[in-house]
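Take a look at the structure below.
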Amino acid sequence: MKRDFISLADLTREQFEHLFAFAARLKADRKDGWPHPFLAGKTLAMIFEKPSLRTRVTFEAGMVQLGGYAVYLSPQDIGMGSRESVADVARNLSRWVDLIMVRTFSHAVVLELARHATIPVINGLSDLLHPCQVLADCFTLLEQYGRLDGLKIAFVGDGNNVANSWINAASRLPFSFALACPPGYEPDADILARARQRGARVTITHSVEEAVRGADAVYTDVWVSMGQEQERARRREVFRPYQVNAAVMAMAKPRAFVMHCLPAHRGEEITDDVLDGPQSLVLEQAENRLHVQKAIMVWLLRQRRKSDMTPPEAAEPPRP
């Protein structure tokens, strides 16, 4: 039975830890110059309905580093949903390639691709969820603190797809999550309810100080995402009190980290001095997209070969 990577809520605690351990191994291998051709001869189809720097480069470069190939498909290439149905795209790609990654607007497109494809589908981003980003963010914090247990993550801004994925992660991992957002911009109600049913420690507030007080990491994202351009003027006004700046960081723990999934609208959701300051992890987050997504792809395609997924401390790294 095939496995997809659609939502962090689908993972168990053990699977999170498994992916973190393997990402650490892949990162160490790359640093030490050892190849890791776990996916030699495999091909990834990358469907992009939204443009991207980090998602495209990390998936494409990651597949090449794993010994495989990546094919970029723009909206003009396939016209998914107009020129050709989502189901037909899924069924055709399943005959040619080994993996599908999709970065799109509607989450329903991700689900439909997964339903009709006979190969694994990865959610590279939808308007509802951004699981690859948040998995890499959790891995980044794990590197910095050596643990996730007991950490407090504060998110300041829109209850968007990134916030939804943080809530899903909080339903599986032992950290607390607090979101400060303007009224009317809360996260998805169903995702929040399911996470709380699973015991997630999630706080939703309109107070920046309440969310950030005692935080180990302060996270933000753009106020205006792709597809929301017509709301720009209104959103900039509504979110103005939710800017992450030096005064906001002073509310967190003294050495709290700053996180942003990028690209940043400098001077809007975050100030330059904070984004570029010594507490910023934004480049570490961006780098770790590469290593974590490589771990995801190997996990999806080589799930029956557990020796390929052995953590680094228990296995000899692959030799040239």
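Each reported figure results from applying straightforward, stated rules to the coordinates on display, with no laboratory input. As the structure is a prediction and not an experimental result, all values here were calculated from the model. Virtual Cβ from ideal backbone geometry, glycine too; neighbours counted across all protein chains shown.
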Check: In debye, nearest 20: dipole of region 1-108 around its Cα centre with unit charges on the Cβ of K, R (+) and D, E (-)?
Finding: 160 debye
Checklist line | Full-stretch length increase - residue 302, residue 61 - with 0.36 nm per residue and alpha-carbon distance subtracted | finding: 84.9 nm
Item checked: Computed label-point distance, nm, for sites residue 85 and residue 230 using a 7 Å Cα→Cβ extension -> 2.9 nm
Notebook entry, point to check: Long-range amide H contacts for residue 257: which residues qualify at under 5 Å (H placed 1.01 Å from N, peptide plane, sequence gap of 5 or more or a different chain)?
Noted result: 217, 218
Check: R0 = 25 Å: FRET efficiency of residue 255 with residue 210, Cβ-based, nearest 0.05?
Finding: 0.75
Next item on the list: State, to one decimal in nm, how far the label point of residue 30 lies from the label point of residue 144, with both points 7 Å from Cα in the Cβ direction.
Entry: 1.9 nm
Note to self: As an exercise, use a Förster radius of 51 Å and the Cβ-Cβ distance of residue 43 and residue 247 to find the FRET efficiency, rounded to the nearest 0.05.
What the structure shows: 0.55
Item checked: residue 76/residue 186 FRET efficiency (R0 30 Å; Cβ-Cβ; nearest 0.05) -> 0.25
Margin query: Give me the net charge for the shell around residue 56: Cβ to Cβ below 14 angstrom, other residues only, Lys and Arg +1, Asp and Glu -1.
Written below: +1
Next item on the list: Using the Karplus curve 6.51 cos²θ - 1.76 cosθ + 1.60 with θ = phi - 60°, work out ³J(HN,Hα) for each residue of region 34-50 in order, rounded to whole Hz, and write x for Gly and Pro.
Entry: 8, x, 9, x, 5, 10, 4, x, 9, 10, 10, 9, 10, 9, 10, 9, 10
